[in-house]
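*Asks:* Here it is: the structure, laid out below.
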C-alpha cells in the first residue's frame, strides 16, 4: 500500500515548496530511488526544471520533463496533469489535488507551506488519504 508523507513547512512562499521538493528529490535519488515530481502547472514544471540545476551548489540531480526525457536513464522526471508512463517509486506532489495515479507509487510526498490556500488544499488531500486508510506520517522539517 502507498505510504503518504506530509511535510509541513514554515512560511507562505511557494518557492519554499519547490526548494524543499528539490531537496527531497535529491535525498531520494541518493538512496537509489526514482522520482516523479507532479507540478500544478506548466510554469511550475519549467521553474523546477531550472531549479534542479541550481538549488544546491556543487550538486547535480539528473532530471528531465516527462515525455521529453528518456525515462530509462532519467531518475527524476517532472510533469503535470497526466500520469508518467513507467514511474511507480516516489511521487512528490506539488499540485493542489491528489493525482489520480498516486496509488501506483510506493511513496507519496505532499509538501505544504503556510499559505492559506496551500494549507486548505493540503487538509483536503490529507482527509482524502486518511478516509481511504493510507498510512500517513507528518513531518516538520528544519530549513
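The values are calculated or read from the model by the stated rules, or taken from the named source; none is laboratory data. Not measured: the values here are computed from a predicted model. Here the Cβ is made from the backbone with ideal geometry for all residues, glycine too, and neighbour counts use every protein chain on show.
*Asks:* Which of the residues that make up region 125-143 are without any contact (Cβ under 8 Å) to a residue 12 or more places away in the chain, assigned to a helix (DSSP H, G or I) and out of contact with any strand residue (DSSP E or B) (no Cβ under 7 Å at 6 or more places or on another chain)?
*Replies:* 127, 131
*Asks:* May I pose another question? State whether the residues of region 121-135 include one that is in contact with a helix residue (DSSP H, G or I) (Cβ under 6 Å, 6 or more places away or on another chain), at pLDDT 95 or above and over 16 Å from residue 3 (Cβ atoms).
*Replies:* no
*Asks:* Which members of region 98-114 meet the condition of being part of a loop (DSSP other than H, G, I, E, B) and in contact with a helix residue (DSSP H, G or I) (Cβ under 7 Å, 6 or more places away or on another chain)?
*Replies:* Hits for region 98-114 are 98, 113.
*Asks:* Would you list the strands (runs of 3 or more DSSP E) that sit entirely within region 1-95 and hold 1 or more residues that are touching a helix residue (DSSP H, G or I) at 6+ places or on another chain (Cβ under 8 Å) and without any contact (Cβ under 8 Å) to a residue 24 or more places away in the chain?
*Replies:* It comes to 63-65.
*Asks:* Among the candidates 96, 75, 84, 62, which residue alone is modelled with pLDDT under 95 and either under 16 Å from residue 26 (Cα atoms) or surrounded by fewer than 19 Cβ atoms within 10 Å (Cβ to Cβ) (or both)?
*Replies:* 62
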